[in-house]
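Take a look at the structure set out below.
What follows is calculated from the coordinates using simple rules that are stated; it is not laboratory data. Model, not experiment: these values are computed from the prediction. Cβ: placed from backbone, ideal geometry, glycine included. Neighbour counts: every protein chain shown.
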Amino acid sequence: MVKSFWRGHEIIETLGGWVYSDTYQVISENLNRTCGHCGKEATKEGHDACLGTLPGVRNACCGHGGTKESYVQFNNGVVIQGFKKLKGENILETKTCCRCKKNKNVTEYHKDKNQKDGLRLRCKLCCKVYNLEHKEERSAYKKERRIKHGDRIRESERKLYRKHISKRKKYRQEHREESLLYGKKYRQEHRKN
């Protein structure tokens, strides 16, 4: 038996379609049922009253205080339950770039844990253009920073290297043939004549 949720109510899939698990009433016959957690009426679009209409989302419930009861059901069928899972997920499908002002798919943005939605403000293309336009400035800044804080930077790099040494060894063991071929190809291409 397949279970899911619809506006705060547990539902199950039967031969006759999806039904509410408490009343066995077919969902399509009672789409305007109030929220199972707070009793609030749905929005005019049919979404959770607390969350409103979310882009790319078929159905969602905030849990109304119960973090385990919150869920989002996306148009592509993916369902995420619980606040902790939702917190790490990006529920947007599109976002507007602050530079080119175009609305683009979220896959067109780099990740940024410091941003509220977990994505950079500029799309990947605008980031690339910016980096090319400011290549010399960025290079000079990096050089100056390396001179000024070289010891701290090198120590940080050493710590990072030591931290992941076992992962690198494991990877090299698992991909030994690939690593050898890559090394051979690299040496041939970069051989000094």
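Laid out as a table, the results:
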| read-out | value |
| --- | --- |
| The range 162-180 residues that are free of Cβ contacts under 8 Å to residues at least 60 places away in the same chain, paired with ones that are part of a helix (DSSP H, G or I) and polar (S, T, N, Q) (beta carbon under 9 Å, 6 or more apart) | Tyr171/Ser179; Arg172/Ser179 |
| First in the range 1-16 and exposed (fewer than 12 other Cβ atoms within 10 Å of the Cβ), second anywhere and part of a loop (DSSP other than H, G, I, E, B), Cβ under 8 Å, 6 or more apart | Lys3/Ser21 |
| Those strands (runs of 3 or more DSSP E) lying entirely in the range 100-193 with at least 3 residues of a type outside the set (A, V, I, L, M, F, W, C) and within 30 Å of Gly56 (Cα to Cα) | 103-105, 109-111 |
